[in-house]
1. Is one or more of the residues making up region B:101-108 within 14 Å of chain A (Cβ to nearest Cβ), in contact (Cβ under 8 Å) with a residue 40 or more places away in the chain and either aliphatic (A, V, I, L, M) or part of a loop (DSSP other than H, G, I, E, B) (or both)?
2. What about A:Thr105, is it more than 7 Å from chain B (Cβ to nearest Cβ) and at pLDDT below 90?
3. Only one of (1) touching a residue at least 40 places away in the same chain (Cβ under 8 Å); (2) more than 10 Å from chain A (Cβ to nearest Cβ) is not met by B:Gly117, so which one is it?
4. Take the conditions hydrophobic (A, V, I, L, M, F, W, C) and touching a Phe, Trp or Tyr at 6+ places or on another chain (Cβ under 6 Å) and apply them to B:Val76. Does it pass?
5. Out of B:Leu416, B:Leu404, B:Leu364, B:Leu378, report the one residue that is more than 24 Å from the chain's Cα centre (by Cα) and farther than 19 Å from B:Val92 by Cα.
6. Against the conditions (1) over 21 Å from the mean Cα position of the chain (by Cα); (2) farther than 18 Å from B:Arg374 by Cα; (3) free of Cβ contacts under 8 Å to residues at least 40 places away in the same chain, where does B:Tyr430 fall short? Just the number, please.
7. With B:Leu422, B:Leu472, B:Leu404, B:Leu418 as the choices, which residue is among the aliphatic types (A, V, I, L, M), surrounded by fewer than 21 Cβ atoms within 10 Å (Cβ to Cβ) and closer than 30 Å to B:Val83 by Cα?
8. Of all residues in region B:265-311, which are touching a residue at least 12 places away in the same chain (Cβ under 8 Å) and small (Gly, Ala, Ser)?
Amino acid sequence: MERALFLIFALTAIVAAFNILLRRHPLHSALALLVVLGALTGLYILLGAYFLAMMQVVIYAGAVLVLFLFVIMLLNIRAEEARLERRPFFRWLAVPFALLLGAETFYLVRTFEENPSPSGTSIGVTEAVGRELFTTYLLPFEVTSIVLLIAILGAVVLARRG
Amino acid sequence: MESLGITYRVIGPELVLTVTGVLVMLLEAFSPGKKVRDGILAAAGVVLAGVAALALWDEGPVMAFSQMVIADGLRVFFTLVIVLGTLLTILVSWSFLDEERIPPGEYFALLLFGTVGMTLLVASNDLMMLFLALETITIATYVLAGYRREDLRSTESALKYFLLGAFSSAFLLYGIVLIYGATRTTNLAEMARIMSGPLEEAEIVLLMAGVAMLLIGFGFKVTTVPFHVWTPDVYEGAPTPVTAFLSTAPKAAGFAAFLRVFSLTFAPLGIESAADQLASHWVSAVTAMSILSMTFGNFVAIVQTNIKRMLAYSSIAHAGYVLIGVLARDWAAVAFYMLVYTLMNLGGFAIVALWARRGDKWVLIADYAGLGFRQPLLSFPLAIFLVSLAGFPGTAGFVAKFWLFKSAWGAGFQELVLIGVLNTVVSVYYYLYVVIVMFFREPKEEVPRIPLSRAFMTTMVVALVGVFYLGLLPTRVFAFLNAAQNLLAIGAR
């Protein structure tokens, strides 16, 4: 059962990832990205990382992707499409990168048995995350609030009417 | 509560700065536009943070907040350098805020929050903390760089800084993740302990990849070649007081973190260990970065016509010199260098900011023609700062370089020191060129008289006294740094 679910989610993620690259319209690519993120959520649940799965939905599928869609619609990228297509230089650049990625995958697959994934740990569960967040990572957690404050202040400063 | 390691004294400087920042921001919201009040409040907060940092001296090396932060000699000294940089930046910004009609509250608040990030970066004892502190700095400085919104150059500068900054942050974060994968910790003290033993081969590979990424990220933040491409454009486009700030305090903080991670945590032990396997690689990478930064920075600075760009390339070259100190693993020499660099660079930029006037218009080196005897209170200090940047004896720049090169020579980096000295000779050309233009070239048009504000005069007095004091009588600061070295951290060896 778990294996079947893993295969379904993994294949969906891979197919959707290809879809991101192959679609011409950026809006379609963004929606394909949504599918990838959804499939990854399923994988996280299979790993027992429920908190991570929830965050994946809330932050990536919820917030980041909506932002992507907004930007795409606001910019109306359709007009740019033709220009972005013609970049032969980048196409040649793709070859060495594809080879590198292939080599990495090969290495990973070969050494897979030696380094089993750390499934079965309770790292991604809400309680464990909450406990860590308010004990070990208390100070970084508080500093995040300063980062957010600066971001708000900065946005106000830059968007202010002259 | 004891078990969580919550000790407020250890984050005293950060607390003071944050509270002051929030206070300045709130005051601006309720009664806007009071520059003198906001400025004095910000300056007072910064000074108080310096006092709080000095108070950490008696605590000895101590870690707090689950070992997230550390209070040791390195932190205390670098916090003082940062505090000095921010204080001088507030003074340099004084007349700029009036000229550009910028609401002072937000400006000072951003400056203060950025400073919080810097002091936290210096205090970080955990890669997680380090990353957050870096983000705090960069987000504040992105906005500061784009402060003159109606100016195309300023907006371009902010956008370039933002994009490349985000790019480098991604590298840094990826590096941290890989290092975590190899050592299963983000804590630097714990990491040093793990790396003093052997690691599996797969873990070593992971560690190397992570450290390489970390090096790229840091390389961006402290402007070293080949990760320097953003520097000249950002320094040129940002408002001059902000450029002054960018080139000093955040850089000092960046080098402090660089030292803590590379010179202290990843230091070779001379025994069979993961640290030693790693060290030979990062040492050669940093050596290459250092040589490239010095040579490229100095040679490209020669052909610049814009003084802000020239100082940007000079800043890249100085980052190259400082990397020699990182390699020699002599953090005290680096700390002293950054103190001196902060004084002379901020002093120099104060004059550049004043002379550039409203809208940053007079920034070409040719614009300085005839300044010499017509406004000696501008030209003589600028000449002194430039001469100090070049490293003439009698000025602080000489002492700082001498100490840096001496300790690198002792640590076995003779070739690097030779390259550094040759580069210093090259740098004399473009620093002195400005002096020659100021004193011996006739101006094309009438040279205006610029009124000198009290804030400007204070900056000059502080920077000049600093440059000569550290240049002629540096022994007391040396003694302080030596004492600080004994106060070095538990995690560090």
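The values are calculated or read from the model by the stated rules, or taken from the named source; none is laboratory data. Just so you know, these numbers come straight off a predicted model, no measurement behind them. Here the Cβ is made from the backbone with ideal geometry for all residues, glycine too, and neighbour counts use every protein chain on show.
1. Scanning region B:101-108, I find at least one residue that is within 14 Å of chain A (Cβ to nearest Cβ), in contact (Cβ under 8 Å) with a residue 40 or more places away in the chain and either aliphatic (A, V, I, L, M) or part of a loop (DSSP other than H, G, I, E, B) (or both), so the answer is yes.
2. On the way: more than 7 Å from chain B (Cβ to nearest Cβ): yes; at pLDDT below 90: yes.
Criteria met by A:Thr105.
3. It is condition (2) that B:Gly117 fails.
4. Criteria met by B:Val76.
5. Details: B:Leu416 fails: more than 24 Å from the chain's Cα centre (by Cα); B:Leu404 fails: more than 24 Å from the chain's Cα centre (by Cα); B:Leu378 fails: farther than 19 Å from B:Val92 by Cα.
Among B:Leu416, B:Leu404, B:Leu364, B:Leu378, only B:Leu364 is more than 24 Å from the chain's Cα centre (by Cα) and farther than 19 Å from B:Val92 by Cα.
6. If we test B:Tyr430 against (1) over 21 Å from the mean Cα position of the chain (by Cα); (2) farther than 18 Å from B:Arg374 by Cα; (3) free of Cβ contacts under 8 Å to residues at least 40 places away in the same chain, just (3) comes out false.
7. Result: B:Leu472 is the single residue among B:Leu422, B:Leu472, B:Leu404, B:Leu418 that is among the aliphatic types (A, V, I, L, M), surrounded by fewer than 21 Cβ atoms within 10 Å (Cβ to Cβ) and closer than 30 Å to B:Val83 by Cα.
8. Those that are touching a residue at least 12 places away in the same chain (Cβ under 8 Å) and small (Gly, Ala, Ser): B:Ala267, B:Ser273, B:Ala274, B:Ala275, B:Ala279, B:Ser280, B:Ala285, B:Ser290, B:Ser293, B:Gly297, B:Ala301.
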